[in-house]
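As structure tokens, the structure follows; a few thoughts come after it.
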Amino acid sequence: MPARLSDHCWAIELRGVNAYLAEDEPEADGERVLTLIDTGTPFDARTLAREIEATGHRVEDVERVLLTHYDLDHVGGLGRLDFEDATVHVGMPDVDYLTGDASPPVSTHKGALQRALGPLARTPRVAVEPVADGDRVGSFTVYETPGHTPGHVAYVSDALSAAFVGDLVVERDGELAASPWALSYDTNDVRESVHDLADRMPAVEILGMGHGVPFARGGSVRLAELGERIE
């Protein structure tokens, strides 16, 4: 069953990776906008659909998909489910990888891994919109957090008191750690992104990461503590 993080946010545990579902602030019609953050691996599609249904929603109800970055375990479910009229948002440097217009570079260990796994990710059948630092998507503000991938971003909603930070950090035994070298393009950029996000984002309770147990309380405090440890 999805873990309820708040009245309007759920964590969905998949195969070693998390997706998140949020009922975002209402728009003009007064209805909350169902927003999915990341989509798991291609092999998670049925589980993801079932877990969305367990929250009282359907895949077809999802109006926005916010991708923190291009990696198979975060974008793999996108081309396997029918999101109908949803719009997908992803950081500008990762857009062409997602659409298949470019391939990750083999000059880095991370890029070579992405390219090797790329054929397992189907090209999405819905509109893809690039996002950049400071952009707004509903109640979410986009924060560029490169390092794990060039186009890695975090989505932070003051209204929902939630930050979804993808693979910028991982959780282990209740503690946060920065994305490690083996899984990142540039760990110096990762550290800078941790500091930058911790300094700039508003105080929020929920901190949802791609791997590990999300925090339902004190999320921004936990991120700030990590920043102090890795100075």
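The values are calculated or read from the model by the stated rules, or taken from the named source; none is laboratory data. Quick caveat, the model's predicted, so the values are computed rather than measured. FYI the Cβ positions are ideal-geometry reconstructions off the backbone, even for glycines, and counts take in every protein chain you see. Accessible surface is based on the protein model in full, side chains and every heavy atom, while ligands, DNA and RNA are left aside. Shrake-Rupley method; radii C 1.70, N 1.55, O 1.52, S 1.80 Å.
Summary of values
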quantity: GNM top mover of 89, 109, 195 - the chain, alpha-carbon springs below 10 Å; calculated: 109
quantity: Ranked packing of 132-141, 98-107, most packed first, by mean Cβ within 10 Å; calculated: 132-141, 98-107
quantity: Label assignment, Rg and Dmax of the Cα atoms in Å derived from the structure, set [x] 17.4, 54; [y] 16.0, 49; [z] 23.7, 72; calculated: [y]
quantity: Dipole axis of the chain (+1 Lys, Arg; -1 Asp, Glu on Cβ), positive-most option in 215, 40, 11; calculated: 40
quantity: Beta bridges per DSSP with both ends in segment 82-165, % antiparallel, nearest 5; calculated: 65
quantity: By average C-beta atoms within 10 angstrom, highest first, the peptides 158-166, 185-193, 111-119, 76-84; calculated: 158-166, 76-84, 185-193, 111-119
quantity: Among 208, 147, 56, residue whose mean-square fluctuation peaks in a GNM of the chain (springs only between Cα atoms under 10 Å); calculated: 56
quantity: 5 angstrom amide H check on residue 87, placed H, neighbours 5+ away; calculated: 64, 65
quantity: Rounded if a/c under 1.5, otherwise prolate or oblate - segment 178-231, Cα gyration tensor axes; calculated: oblate
quantity: Under-5 Å amide H pairs with residue 24, H placed in peptide plane, nonlocal only; calculated: 33, 34, 35
quantity: 1.4 Å probe accessible area per residue over the chain, in Å²; calculated: 44
quantity: Whole-angstrom gap from segment 9-38 to segment 117-194, using each part's C-alpha centre; calculated: 16
quantity: Percent of beta bridges antiparallel (DSSP, the chain, rounded to nearest 5); calculated: 65
